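Visitor: Before we start, here is the structure in question, set down as C-alpha cells.
The numbers here are math on the coordinates, done by the rules we state, and not lab data. The structure displayed is predicted, hence computed values, not measured ones. Because the Cβ atoms are built from the backbone with ideal geometry, glycine has one as well, and the counts that use them run over all protein chains shown.
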Amino acid sequence: MFLFGKKEKVFVVFDIGSGSVGGLLVRDSHKKGLEVLASARTDIRFKEDIDSHLFHRSLEEAFKKTTQSLRSKAHEAPDFVFCVLNSLLSVSQTRIIKVNKEKPFDINKKLLDDLILEETEIFKKTYVEEKGSSLPSSEIELFEHNVMKFVLNGYDTVKPLGKRARQLDLYVYMSMGKAKVKEKIEDVLGESFAGSPVIFRTFPFVVFNTLKLSTDTREGFVFVDIAGEVTDISLVRREVLEEIISFPMGRNFVLRKIGKALNTLIKETSSVLSRLERGHSEEGATKKISKAMSDAKDEWCDIFKKAVGEVSEVSPLPQNLFVVGSDKIVEEFSICMEGDFFSQFTILGKPFNIKRISPESLDPSLKLSPSLKEEKDIFLILETLFAGKFL
C-alpha cells in the first residue's frame with residue numbers, strides 16, 4: 001500500500017448513528033499501522049416522544065460538534081473523510097440483476113455500468129413508494145453501490161470482465177436516502193475539511209466486510225445492531241448481505257422507560273444507567289431501573305422474535321449471530337436472543353451461537369495498534385479497520 005507515493009495517509013472516520021455521532025482522526029502508516037490521533041463522540045438529544053424534525057436538527061448539531069472537535073486537532077487536510085450512516089438516514093438492499101440470453105454475450109464494463117444504472121432507477125422508485133414520499137426521484141440520491149458477487153452460468157466468478165456467458169446474476173448492494181441529508185453532511189464537512197473527498201457507506205456493509213477479514217463467513221451469519229433509535233437485523237448468506245430489517249426500538253427506548261420510571265429528565269437517564277453499571281445506584285432506584293429494563297426487554301423481544309421469523313421465511317437462518325457491544329443494554333437484550341425459541345428458524349434446528357463483537361473479542365490477526373485498542377469504541381474501530389483496508 002505504501003510502496004509508491006505517500007508513505008502514510010491521514011483520514012477521518014465518522015460514525016453517524018441514531019443515538020450519537022462519533023469520529024476518529026487516523027494516521028495510516030507502514031510503520032505504526034492505524035494510529036488514532038484524536039477522537040470525539042457527541043450524543044444526539046432526544047425527547048420522550050420520537051420527533052423526526054428534532055432528530056435531524058439534533059443530529060446536525062452533534063455532527064458539527066464532533067467535526068469541530070476533530071478539526072481542532074488536525075494539522076493538515078485529511079486524504080479523505082469516511083462517513084458511515086445509520087438506517088434512519090438510508091435504506092439499503094442487495095439487488096439481484098439477472099440477464100439471460102440464448103446466445104453467449106460479452107461481460108464488459110459498459111454492460112455492468114448500464115445494468116447498475118438501470119437498477120438504481122428502479123430502486124429509487126421503490127424507495128419513494130415504500131416511504132410513501134412525495135419527493136421526486138431527483139431528490140433521492142444513491143449513497144453507495146457495491147457489487148458483492150458475480151455469477152456466470154450458475155458459477156461464482158471473481159473476475160467476470162472479458163468473459164462470455166448466457167446467464168449473468170449480479171448482486172449489488174445499494175443504499176440511498178434523501179439528497180438533502182447528504183448535502184447537509186457535505187456542507188458541515190466543507191467548513192472543517194474543505195477539499196477532502198467524502199466517501200459514504202452504511203454500517204451493515206462495513207461490518208460484513210470487516211468481519212470477513214478475520215472470520216470465516218462462508219456459512220453466513222445474522223448481525224444485530226442495537227442503535228440509538230432503531231435495531232437492525234442483517235442477514236448474510238452465500239457471501240452476500242442478503243437482507244436488512246429494522247424496527248424502531250433501540251437504546252433510547254430503554255432510556256425513555258427508565259426516565260419515566262424514575263420521573264427523571266430524559267437527558268439524565270444515561271448517567272443514571274452508568275451509575276447502576278458501576279454499582280453506585282441507590283437500592284430504590286436500582287429496583288425501578290431493573291423493572292423498567294425488564295419491561296423494555298420484554299417489548300423489544302416480542303418485536304425481535306417477529307422480525308427474525310420474517311427474515312427466515314425464505315430459508316433457515318445461519319447458526320451464528322453477532323451482536324455489537326457489551327454494555328448493560330446489549331447484555332439484557334442478548335438474553336432474548338438465547339434459548340430454544342429460535343431453534344425453529346436456524347439451519348441446524350438449534351439455538352443461535354451468539355458472539356458479541358467488542359474490542360476485546362476482535363481476532364488478534366487484525367493486529368490493532370495500541371492507540372486503536374485503547375479507543376474502546378467498537379463502532380469506530382470496525383469502521384476504521386474497514387477504511388484502512390478497503391479505501
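Visitor: Using a ≥ b ≥ c from the Cα gyration tensor of region 221-357 (square roots of the eigenvalues), is it rounded, prolate or oblate, where a/c under 1.5 gives rounded and otherwise the larger of a/b and b/c decides, a/b for prolate?
Guide: The shape class here is prolate.
Visitor: Pulled fully out, how much extra length does the chain show between residue 105 and residue 361, if you take 0.36 nm times their separation in residues and subtract their Cα-Cα distance? Don't skip to the end; give the middle numbers.
Guide: Details: separation 256, 0.36 × 256 = 92.16 nm, distance 4.68 nm.
Extra length from residue 105 to residue 361 when fully extended: 87.5 nm.
Visitor: For residue 389, put the label point 7 Å out on the Cα→Cβ axis and report which residues of region 187-214 keep their amide N under 16 Å from it.
Guide: 202-214
Visitor: How long is the gain from residue 286 to residue 213 if the chain were fully straight, where each residue apart is worth 0.36 nm and the alpha carbon distance is subtracted?
Guide: 22.2 nm
Visitor: Quick one: of 125/306; 184/306; 7/212; 101/159, which pairs are farther than 29 Å apart, Cα to Cα?
Guide: Over 29 Å Cα-Cα: 184/306.
Visitor: Between residue 43 and residue 265, what is the label-to-label distance in nm when each label sits 7 Å out along the Cα-to-Cβ direction?
Guide: 1.1 nm
Visitor: Taking H placed 1.01 Å from N in the peptide plane, check which residues at least 5 places from residue 320 or on another chain put their amide H under 5 Å from its amide H.
Guide: HN-HN under 5 Å from residue 320: 222, 353.
Visitor: Sticking with this one: Find out how many positive minus negative residues lie around residue 44, taking Lys and Arg as positive, Asp and Glu as negative, among other residues whose Cβ is under 13 Å from that of residue 44.
Guide: Around residue 44, the charge tally is +2.
Visitor: In whole percent, what relative contact order does region 221-357 give with Cα contacts below 8 Å and a gap of six or more residues?
Guide: Dividing the mean separation by the residue count of region 221-357 yields 24 percent.
Visitor: Separation of region 170-201 and region 5-62 by C-alpha centroid, Å?
Guide: Going from one Cα centre to the other spans 13 Å.
Visitor: OK, next. What is the magnitude of the charge dipole of region 43-145 about its Cα centre, with +1 placed on the Cβ of each Lys and Arg, -1 on the Cβ of each Asp and Glu, and no other charges, expressed in debye to the nearest 20?
Guide: Working: 16 positive and 20 negative charges, 36 e Å.
Around 180 debye, computed over region 43-145.
Visitor: Report, in degrees rounded to the nearest 10, the 0 to 90 angle that the Cα long axis of helix 179-192 makes with the longest principal axis of the chain.
Guide: Here the helix axis deviates by roughly 70 degrees.
Visitor: Further question on the same structure: Compare the peptides 340-349, 293-302 by average per-residue count of other Cβ atoms within 10 angstrom and give them in order, highest first. Write down the numbers at each step before the final one.
Guide: Values: 340-349: 14.3, 293-302: 16.2.
In decreasing order of mean packing, 340-349, 293-302 become 293-302, 340-349.
Visitor: Now a separate question. Based on the mean of other beta carbon atoms within 10 Å per residue, what is the order of 145-153, 43-51, most packed first?
Guide: The packing order, highest mean first, is 145-153, 43-51.
Visitor: Need one number: % antiparallel among DSSP beta bridges in the chain, to the nearest 5.
Guide: Numbers: 58 of 78 bridges.
Approximately 75 percent, going by the DSSP bridge assignments.
Visitor: Just how large is the dipole of the chain about the Cα centre, in debye to the nearest 20, putting +1 at every Lys and Arg Cβ and -1 at every Asp and Glu Cβ? Before the final figure, lay out the partial values.
Guide: On the way: 58 positive and 59 negative charges, 169 e Å.
In total the dipole reaches around 820 debye.
Visitor: Roughly what angle does helix 251-262 make with the longest principal axis of the chain, taking Cα atoms, 0 to 90 degrees, to the nearest 10?
Guide: Tilt relative to the chain: about 10 degrees.
Visitor: Would you kindly enumerate the cysteines in the chain that have no other Cys beta-carbon under 4.7 Å from their beta-carbon?
Guide: 83 - these cysteines have no disulfide-compatible partner (Cβ-Cβ under 4.7 Å) in the chain.
Visitor: Taking the Cα atoms only, what angle lies between the long axis of helix 283-311 and the longest principal axis of the chain, rounded to 10 degrees?
Guide: Rounded to the nearest ten degrees, it is 20.
Visitor: Normalised by the residues of the chain, what does the relative contact order come to in percent, with Cα pairs under 8 Å and at least six apart?
Guide: Details: 677 pairs, mean separation 64.8, N = 391.
Normalised by residue count, the contact order of the chain is 17 percent.
Visitor: If you don't mind, another one. I'm spelling it out carefully: the read-out is P(r) over Cα pairs in 10 Å bins from 0, in percent, the candidates are (i) 5, 18, 19, 10, 8, 10, 11, 11, 7, 2, 0; (ii) 4, 20, 30, 28, 13, 3, 1, 0; (iii) 5, 22, 30, 25, 14, 4, 1, 0, and one was derived from this structure. Which label?
Guide: It is the one labelled (ii).
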